[in-house]
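The values are calculated or read from the model by the stated rules, or taken from the named source; none is laboratory data. All values reported here derive from a predicted model rather than from experimental measurement. All Cβ positions, glycine included, derive from the backbone under ideal geometry; neighbour counts span all protein chains shown.
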Amino acid sequence: MTGKQEYGDYQTPVRLADTICKYLQEKKQVKPLTVIEPTCGIGNFLQSSLVFDAQKYYGIEINADYCDQCRTRFHDKRISIYNLDFFSVSIKEIIGSASDILVIGNPPWVTNSALSAVQSDNMPKKSNFKGLKGLDAITGASNFDICEYIILKLIHSLLGTDSVIAMLCKASVARNIFKTLTTSDVGFEYFDMLEFNAAQEFGIHTNACSLILKLSPIANTQKICHVYSIDDWDNELYSLSVSNNHVIRNTQTCSFDFEGLCSLTWHQGLKHDCSKIMELTDINGTLYNGNSDAVNIERSMIFPLIKSSMLKEPIMNSFSKYVLVTQKKLGDETRLIESEAPKAWKYLTEHSRYFEKRKSSIYRGAPPFSIFGIGPYSYARFKVVVSGFYKKPLFSLVYSSDQRPVMTDDTSYFIGFDSYDMAYVSMLLLNSQPVQSFLTSIVFLDAKRPYTKKVLERLSFQKMFSVLTYDLLRQTERELSLTPYITASMYTIFQNLPEFCLHEQLELMQIS
C-alpha cells in the first residue's frame, strides 16, 4: 500500500521550511558543515537549508518518485539523494566522519497502530528504541509514534556529538522526547519547541512544533525545554521540565496541590475490538447488534454499557447500550459459555470471523472471544467514571437501577464502590473546582487522551480532605444542578474509609 496514510506524507511548505532555517541561523547561530534530511520527500527542507552554505547535503527518501524529483530539482554537486528506507539505514555509514551536523526535516506523522491497520510494511522492527542508557524497552506497547521513533533513532546515532536536530512533529511527541532525554541523562545544550499552526500548514488539527535540539557530549544540568511561537521568537510562551517522571509546565500556576498517590485504584474499561458483535442496543425490549440484526441470547451474558462519549451527566443510571461479557476475569476459559449460555455461544461462533479480524497482538494465544480490561473490579455496583478524551473532565457516577454492574469502554477510567453514598462523595470531590483546576494544570490538552490512568493515579484524596470542606461539596452539588443529597456524616465516613487510613499508615512508614 502507498499514500499519505502509509507514509504520513505531508510535504513541508517552503515558507515553513524557510522560517525554521531562519530561526536556526539567526536565533541559534547554527553553522553546519553537513546537512541531512532523513525523510526528504520532494526536498523542500533541502532547498531551504541551502541558506547555510554547508559543504555536504544528504537527502534520504523511501519513495523512488520523490527521489527522482529531487535529482531533477537539485543540480548542486554538494547534494546527494539516497533512495533508502530510513528504518534500515545507518546514518553514520552515509556521512562517515562528518562533523558540525544539522539533521532537519519532517518525519511521518503516523503511529505504528495506524500502519498495522492498513497492513503496511513501512514500519520499524520492534526494539528498545528508547533504550538510551539503560531505559526500559517500550516498543511492545500497543501504540507509538513513528515520528518519535525516527527522532530518537537519530539522537541515538549522534550521541556524544554536538549535532543539531530540527524536526517537525506533534507537540506531544516533542514532550515525550524531552522527557526521554532528561530522564536518561542524554547531554544536550538546548531543547526548544517552536510552535506553529498545523491546521494552516498541513490541514491537520493537532498542536505541532519544530523540535530544536542541540546535543552535547557533556551532561546537561539545566534540563529545561523553552517553548516559543513561530511568529515570536523573542518571547517565551512557557518552559517545561521533568519532575517525578512527569513533564510539567513551569509557568503553569494553580492554587491547589493534590499531587500524590491515589489511595483508590483506577481501572480502564473493557477492550474487545469487536463492537458490531459485542455491543448491543435495546430498542423496545429487543437487542440489536451493530449490523442491525436482532439478537436473542441469555440476559446473564449482557451488562449495561456506558461509553466515554456518553458521559454527559454527573449521575447516570439509565442505559440503552449493552455489552456481551465473555469472561469474568482476564484469561478465563470461554468454552464454558457453550454449556452455561448456549444461545450466546451459538451467536459468538456464528460471528467468529469478526473476532478473527482483530489486529491487536493481545488476542494472540488467548481463549476465543476473549476481552481485556475485565476483572472483579468490573463488577462494582457503583462506578465513578471519566472519559479520557474530554478537555474538561466530568466525573460521572454510574449505576443501573436493576442492580446490574455497568461496564465501561476502554477509553474511560473508573473507580468502583459498593456504596452509592461513597461513590457520590467521590464524584463531588473530583468535580469540585479546586480538583478540576489542578487536573487542568497537570495535563496537556493537545494530547489525544489528556486524562489517563497515570494522570488520575496522581490525585491524592488525603490532600483533598485538607482543602475541600463539606460546604464546598454542597456548592459543587449546586454547580452540577444536583438535588441536595450529601451530608456531613457521609463526608466523614468517606474520609475514614480503610483505603485512606491504610495509605496514611504506609506514608508514615516511608517517612520514618
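Points worth noting:
- Count - residues of the range 27-41 that are over 13 Å from Asn106 (Cβ atoms), in contact (Cβ under 8 Å) with a residue 12 or more places away in the chain and either surrounded by fewer than 24 Cβ atoms within 10 Å (Cβ to Cβ) or of a type in the set (S, T, N, Q) (or both): 6
- Any hit, the range 5-26, residues being of a type in the set (S, T, N, Q) and exposed (fewer than 13 other Cβ atoms within 10 Å of the Cβ): no
- Within the range 491-509, residues that are at negative phi and among the hydrophobic types (A, V, I, L, M, F, W, C) reach partners that are modelled with pLDDT of 50 or more and outside any helix (DSSP H, G or I) with beta carbons closer than 7 Å, at six or more positions or on different chains, in the pairs Phe500/Ser263.
- Within the range 55-68, if we keep just the residues that are surrounded by fewer than 20 Cβ atoms within 10 Å (Cβ to Cβ) and within 19 Å of Asp100 (Cα to Cα), the residue that is farthest from the chain's Cα centre (by Cα) turns out to be Gln55.
- Of the helices (runs of 4 or more DSSP H) lying entirely inside the range 15-130, those carrying at least 2 residues that are at pLDDT 95 or above and not polar (S, T, N, Q) are 44-48, 64-73.
- Of all residues in the range 449-472, those being loosely packed, with under 15 Cβ neighbours inside 10 Å, of a type in the set (Gly, Ala, Ser) and under 27 Å from the mean Cα position of the chain (by Cα) number 0.
- Hits in the range 469-489 - residues which are among the hydrophobic types (A, V, I, L, M, F, W, C) and within 12 Å of Leu428 (Cα to Cα): Leu472, Leu473, Leu480, Leu482, Ile486
- Within the range 290-317, the residues that satisfy the criterion of being part of a loop (DSSP other than H, G, I, E, B), without any contact (Cβ under 8 Å) to a residue 60 or more places away in the chain and not small (Gly, Ala, Ser) are Asn291, Asp293, Asn296, Ile297, Glu298.
- Among the residues of the range 268-306, the one identified as within 30 Å of Leu497 (Cα to Cα) and surrounded by fewer than 19 Cβ atoms within 10 Å (Cβ to Cβ) is Gln268.
Residues are listed down the side, and each one gets a yes or a no for (1) outside any helix (DSSP H, G or I); (2) assigned by TED's automatic domain parsing to the domain that holds Met301; (3) of a type in the set (Phe, Trp, Tyr):
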| site | (1), (2), (3) |
| --- | --- |
| Ala344 | no, yes, no |
| Arg353 | no, yes, no |
| Lys359 | yes, yes, no |
| Ala366 | yes, yes, no |
| Phe369 | yes, yes, yes |
| Ile374 | yes, yes, no |
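- Among the residues of the range 193-224, those that are assigned to a helix (DSSP H, G or I) and either among the polar types (S, T, N, Q) or touching a residue at least 40 places away in the same chain (Cβ under 8 Å) (or both) comprise Gln200, Glu201, Phe202.
- Taking the criterion of being in contact with a strand residue (DSSP E or B) (Cβ under 8 Å, 6 or more places away or on another chain), in a strand (DSSP E or B) and either basic (Lys, Arg) or touching a residue at least 60 places away in the same chain (Cβ under 8 Å) (or both), the residues of the range 233-258 that qualify are Leu240, Val242, Val247, Ile248, Arg249.
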